Amino acid sequence: MPIRIATFNLENLYARFDFAGKVNREDRVVGSYAITEKPAYESIRMSFEAVASDDVRQSTALAIADTGADVICLQEVDSQQALDLFYDHYLYPVLRQKFGQASKTWSDAERRARDAAYFYDQRHVISGNDTRGIDVGVMANRAVTLRSNAELTYAFLVNAPLDWAALDARGIKRTDRVLRRDCVAAEADVDGVPLTIFNCHFKSMSSVTRGGDGRAETQPLRLAEVWAVRKLIEQRFAGQARDANWVLCGDFNDFPEVDGVKTRHSALGPLLDDGFAINVMERRLPLDRWTHYYPEGDAHVQLDYILLSPRLAAANPDVVPDVLRKGMPYRVPRLEGAPRYPRIGWARPKASDHCPVVIALEVPR
């Protein structure tokens, strides 16, 4: 029986009000109103964000429910509390209704036997290295065992072909942690066959210097993360990674192409160039591989990945991942006339700035 695996960047799933109060007087605007007093601004802004987040998270829940995933890898989760609150107040009600609709004609015994497949009783968030506290998490409808790799340092990559001069210029020491967030390994059982699912969130492409090329400037850091993940997988399977059952998911914050045209400064080469991992998104048409839209450059790019081991890809030669875009705001081109969730707006509310990606896989014995 196939297992459905999804990845989704939830875009700042916080259980805290992340407001530092460092806002200039002329920038204290909520909606179309300017609030001159700082305490009043903070109070009104907090209320505004709380109301706005309700619309966002209803759409986020609908997007997750539509994946129908057995295991879903999440990025940008604030904490275990944030994930549990989101599940209890937003996602669980959607799943409960879906279960109720599906089970109308089932017997009580069938309901008891099949209800676990509809809900995510397994929910895990592991604190990683991000200074803002955005972590990776996993939800599953079956038992999974998680292992963090957040403590890996650059010493783990001593023999990797990195741009060490660029890293030294950034003040990187060999004792520094290499993963900007984490690469969590989740071990699952699929009909008696073990499957390892890695969940990553790589360094963003935010520019380091004012007006600089953020993608090029941060490429050495992402490349180090990519090599760390490759070496982790090679180590996990004792040098037999190509013949093992594993999936690599996450928000990689990078792309080797745009609409089928190769790009410069991609850090994903160590995973993709020699066939170490298979990007099954390439089974879709070039203009339909995107999971994120950059309005600044009017670019549709794939930031969200489900990479398969060569063995797993060969066992699923005709399987194509789904990209769910009903939570995208109306400002995103190429979706004119496409269906959206209720209350999706022009720029906001939206389910996330990323699309969920999901795939159904047979795991070979």
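Hey, could you check segment 186-216 for residues that are at pLDDT below 95 and farther than 16 Å from PHE255 by Cβ and say which is surrounded by the most Cβ atoms within 10 Å (Cβ to Cβ)? Ranking the candidates gives SER207 first. A search for C-beta distances below 8 Å between a residue of segment 21-37 that is on the phi < 0 side of the Ramachandran plot and exposed (fewer than 10 other Cβ atoms within 10 Å of the Cβ) and any residue that is at pLDDT 75 or above and assigned to a loop (DSSP other than H, G, I, E, B), counting only pairs 6+ apart in sequence or on different chains, returns THR36/ARG28. Among the candidates ALA241, ALA277, the residue that is over 22 Å from the mean Cα position of the chain (by Cα), aliphatic (A, V, I, L, M) and surrounded by 18 or more Cβ atoms within 10 Å (Cβ to Cβ) is uniquely ALA241. Count of segment 186-224 residues, restricted to those that are out of contact with any Gly (no Cβ under 6 Å at 6 or more places or on another chain) and under 20 Å from GLU11 (Cα atoms), is 7. For first residues located in segment 231-248 and within 19 Å of VAL71 (Cβ to Cβ), partners that are in a strand (DSSP E or B) and among the β-branched types (Val, Ile, Thr) and lie 6+ apart or on another chain with Cβ distances below 6 Å form the pairs TRP246/THR196; VAL247/ILE5; VAL247/ILE197. Checking each residue in segment 67-100 for being of a type in the set (Phe, Trp, Tyr) and touching a residue at least 60 places away in the same chain (Cβ under 8 Å) picks out only PHE86.
The values are calculated or read from the model by the stated rules, or taken from the named source; none is laboratory data. These numbers come from a predicted model, not from an experiment. Please note: Cβ atoms are built from the backbone with ideal geometry, for glycine as well, and neighbour counts cover all protein chains shown.
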